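The values are calculated or read from the model by the stated rules, or taken from the named source; none is laboratory data. In this text the structure is predicted, and so the values were computed from the model without any measurement. Quick reminder, even Gly has a Cβ in these numbers, built from the backbone with ideal geometry, and neighbours come from all protein chains shown.
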Amino acid sequence: MCGSADFRLSAALSNLCNGTRFYAMDESEKFYTAALAPAPHVARNVFFNTFWSTIHKDPLRAPLVVAQLARGDCPWSMHKLQLDQLPRVYAAARHCM
């Protein structure tokens, strides 16, 4: 699912920082499956959230994702996170950074 820009960015991070961690795609799926388990129609949303953060437009599932972050789990990616969501995601996930 990564494009060439993603590969260039990961190579640069890897070269600059010895502490760079890479995760398999299923780590994000596990994160969102656990976060969204209480919500109806989970399967489609888990897949979608694995590639694009939709918490800015999903009032039912957004608190579940933020709660999963606060429990200590960190997703592999929160791709395309909306700017207005950064404060609450950062507050819940400082331990992930």
Practice task
Would you be able to say whether some residue in segment 61-78 is crowded, with 16+ Cβ neighbours inside 10 Å, at pLDDT 75 or above and of a type in the set (G, A, S)?
Solution key: yes
Completion exercise
Of the residues in segment 8-48, those that are modelled with pLDDT of 70 or more, part of a helix (DSSP H, G or I) and surrounded by 10 or more Cβ atoms within 10 Å (Cβ to Cβ) number 22
Problem - Cross-chain or 6+ apart pairs with Cβ under 9 Å, segment 68-96 first and in contact (Cβ under 8 Å) with a residue 12 or more places away in the chain and assigned to a helix (DSSP H, G or I), then crowded, with 17+ Cβ neighbours inside 10 Å and hydroxyl-bearing (S, T, Y) - result: Q68/Y32; Q85/S53; V89/S53
Handout entry: Residue check, F51 surrounded by fewer than 17 Cβ atoms within 10 Å (Cβ to Cβ), within 12 Å of the chain's Cα centre (by Cα) and either at pLDDT 80 or above or not β-branched (V, I, T) (or both)
Key = yes
